[in-house]
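The block underneath contains the structure these notes are about, expressed in structure tokens.
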Amino acid sequence: VLIAGEKATLKKFVSVFILSFGVVLFLFFKPSKKQSSGVDEFEMTQKFLLGLSMILLALICDGIYGPYQNFIKNTYQRCGAFHLMFNMNLWQGVFSFIWATADGELMDTVRFVQKHPTVMPYLINFCASMALGSSFIYLLQRRCGALTVTKTTTVRKLFSVLVSAYYFGHTISSVQWMGVLVVFTSKFTAPLIASGISSFLKGQPSSQKQKKA
């Protein structure tokens, strides 16, 4: 809305809010892992704060380049999904390479692979899966826009966590199941809530006129 200048409907705003609310319920109300010794789940260390800042920066970037890609595809009609994908991955690769080299993680990774060559098939499978998944994401971006991509990837992440929890036998609390229900029923609840809000807002001026009369 701010970057690409697009007008989003009330239904879309409500849908995004419901999805976000459901994901927050699921992620922040997981069962406690406090041990009997009284040690907390995590400590507010420098690395933890750095991780939070990186997450915040990633969310800001998501909020910028998704709508900006909408602006590009609307301005340049010949710009295809794989054009967007190539340029995004190119610059991500450049910045990641610089960061990993400066931080020393690049050589650590090389040494790890040399020490454990059996990891190579898993890396190849991971890269192939990521390339295939990114192709679908950018095709969706080109045809449906950034908001649809955001909603799709949010539901996909929640579904992945559910599968992981089932596979590894993790416990899911009742509040988390409520969050899952909120997310997967948002398609039906968002139009109803948006319609109710719209009707309420439209009824405000008439009620005020009746009071004045």
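According to the calculation over all Cα-Cα pairs in the range 101-175, the P(r) per 10 Å bin from zero is 15, 26, 30, 27, 2 %. Of the solvent-accessible surface of the range 105-178, computed with a 1.4 Å probe and all protein chains present, 69% belongs to carbon and sulfur. Projected label points at LYS157 and CYS144, each 7 Å from Cα along the beta carbon direction, are separated by 1.7 nanometres. Dividing the convex hull volume of the alpha carbon atoms of the range 63-204 by its residue count gives 197 Å³ per residue. The label-point distance for TYR122 and PHE95, in a model that sets each label 7 Å from Cα toward Cβ, rounds to 2.8 nm.
Once the chain from ASN87 to GLU105 is taken as fully extended at 0.36 nm per residue, the excess over their C-alpha distance is 4.1 nm. Taking every Cα-Cα distance in the range 97-141 and sorting them into 10 Å bins starting at zero, the pair-distance distribution P(r) comes out as 25, 32, 33, 10 percent. With all protein chains kept in place, the per residue accessible area of the range 75-213 amounts to 77 square angstrom at a probe of 1.4 angstrom. Taking 0.36 nm per residue of separation and subtracting the current Cα-Cα distance, fully stretching the chain between LYS11 and THR189 would add 63.1 nm. Given their separation in residues at 0.36 nm each and the Cα-Cα distance between them, LEU181 and PHE48 gain 44.9 nm when the chain is fully extended.
The values are calculated or read from the model by the stated rules, or taken from the named source; none is laboratory data. Please read all numbers here as calculations on a predicted model, not as lab measurements. Methodologically, a virtual Cβ is constructed for each residue, glycine included, from the backbone with ideal geometry; neighbour enumeration extends over all protein chains shown. Only protein heavy atoms, including side chains, enter the accessible area calculation; ligands, DNA and RNA are left aside. Shrake-Rupley method; radii C 1.70, N 1.55, O 1.52, S 1.80 Å.
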